[in-house]
Amino acid sequence: MKTLLVLSLLFAAAVHAASAPWYLWQSKVDGSTFCAQKSPGPGWVKLKGPFYNAGCELKEPPANLLWPKGKPERIDLF
């Protein structure tokens, strides 16, 4: 019983975890751009964002595959 409770709590925590957003950074030196979650260094300026993928293309989070019709208000485990 305790194992089931621990597993359900770990699953719930994993479901709510989200990755950090991505930003498009521009070089102060030559104007080239780079997509990253953190600043590549002092020679870069945040140009656009946030994005939800490493290609800096998705402006909205991807569709929820776990609950396609939206997150339920309540989940009964027992």
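Just so you know, all these numbers are worked out from the coordinates, no wet-lab data involved. The structure displayed is predicted, hence computed values, not measured ones. Heads up, the Cβs are rebuilt from the backbone with ideal geometry, glycines too, and the neighbour counts pull from every protein chain shown.
How large are Rg and Dmax for segment 16-61 when only the alpha carbon atoms are used, in Å?
10.9, 39
Arrange Ser32, Ser39, Ser27 by Cβ neighbour counts within 10 Å, fewest through most, would you?
Lowest to highest Cβ neighbour count: Ser32, Ser39, Ser27.
What is the calculated FRET efficiency for Ala54 to Phe78, with r their C-beta to C-beta distance and R₀ = 25 Å, to the nearest 0.05?
Plugging the Cβ-Cβ distance into 1/(1 + (r/R0)^6) gives 0.05.
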